[in-house]
Amino acid sequence: MTALGFLYPGHSAEDDYQRIEHLLGSDIRLDVVHTDIGEDAHRVDALLKMGSADRLAAGVEELRLTGAEAVVWACTSGSFVYGWEGAHDQVRALARAAGMPASSTSFAFVHAVRELELRKVAIGATYPADVAELFAEFLTAAGVEVVSFHGAGIVTAAEVGEWGEPELLTLAQESDTPDADALLLPDTALHTASHIASLEKRLTKPVLTANQVTVWEALRLTTRKVNAPSLGTLFTREPLVQA
């Protein structure tokens, strides 16, 4: 049994992790601990507080008791908002507090893009445009070419968590561009686990979603390799990259 730990802010799309655990169909357990979201707002000042070291550290002890072998901060905006260097500092602090390998969803996207050898990506974000632009800047700092980014202007994770397949499909179609090798959907508050394969079929390209890459990143940290086609192209390619 491989136990993977996730620090998830608040409550919105955490049931994606139950769904992914089922789809993995292996001896893998996904343990989710909820962190204090504070003010639910896709706004820079609120996101900085959400991803602060003390809030992340508060959930670490509970994860250790589950026997987790690695931990991922399951929040994209609460990591890339710190910038490339700041996000590294955040993950290092989390690893020290947890006493185990650590990462975040923002870095999960970077590693997944590299794993699939993607050159150009489009971003379909639920966030306001200024926050979506910060994610584009983060990817650019990682050497990823962002050909377009779209912000849907949703301020709260609670609202995003209420989205269903029609809203998800609309976001994907509005955000994709012909010159992008893949579409990235960065919000962990967005339910995507049941729709990745259908999105890829419709767009005819890889689709990377926040909760999908977060789980993949935890597997990467523990060097586990799992083939799960229903979770998209990312889960059909081997070997996993080693960072």
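Just so it is clear, none of the values below were taken in a lab; they were calculated from the coordinates. Predicted model only: the values in this text are computed from it and were never measured. When we count neighbours, we look across all protein chains shown, and the Cβ atoms used for this are built from the backbone with ideal geometry, even at glycine.
Tell me, what is the FRET efficiency for residue 170 and residue 89 to the nearest 0.05, using R0 = 35 angstrom and their Cβ-Cβ distance as r?
0.45
Explain nothing, just the number: relative contact order of the chain, from Cα pairs under 8 Å at least 6 residues apart, as a whole percent.
Relative contact order for the chain comes out at 22 percent.
So which of 49/201; 120/225; 120/201; 201/225 end up more than 29 Å apart by C-alpha? All intermediate terms of the calculation are to be shown ahead of the outcome.
Values: 49/201 38 Å; 120/225 25 Å; 120/201 19 Å; 201/225 23 Å.
Table pairs above 29 Å Cα-Cα are 49/201.
Which order do 185, 116 fall in if you start with the one that has the fewest other Cβ atoms within 10 Å? Kindly include the intermediate steps, with their values, before the conclusion.
Details: 185 28, 116 18.
Lowest count first: 116, 185.
In square nanometres and to one decimal, what's the mean projected area of the convex hull around the Cα atoms of the range 117-209?
5.4
Simple spin-label model, 7 Å along Cα-to-Cβ: residue 26 to residue 141 in nm?
Calculated label separation equals 3.2 nm.
Please give the peptides 214-223, 11-20 ranked by average Cβ packing (other Cβ atoms within 10 Å per residue), highest first, as a rough proxy for protection.
Top to bottom by mean Cβ count within 10 Å: 214-223, 11-20.
About the Cα centre, and with charges only on the beta carbon of Lys, Arg (+1) and Asp, Glu (-1), how big is the dipole of the range 117-209? Nearest 20 debye, please. Provide the component values of the computation, followed by the final result.
Details: 5 positive and 15 negative charges, 60 e Å.
With Lys and Arg at +1 and Asp and Glu at -1, about 280 debye.
Write down, largest first, the equivalent ellipsoid semi-axes of the chain in whole Å, where each equals the square root of 5 times an eigenvalue of the alpha-carbon gyration tensor.
Rounded to whole Å, the semi-axes are 24, 21, 17.
Which semi-axes, in whole Å and largest first, does the equivalent ellipsoid of the range 1-101 have when worked out from the alpha carbon gyration tensor as the square roots of 5 times its eigenvalues?
23, 16, 12
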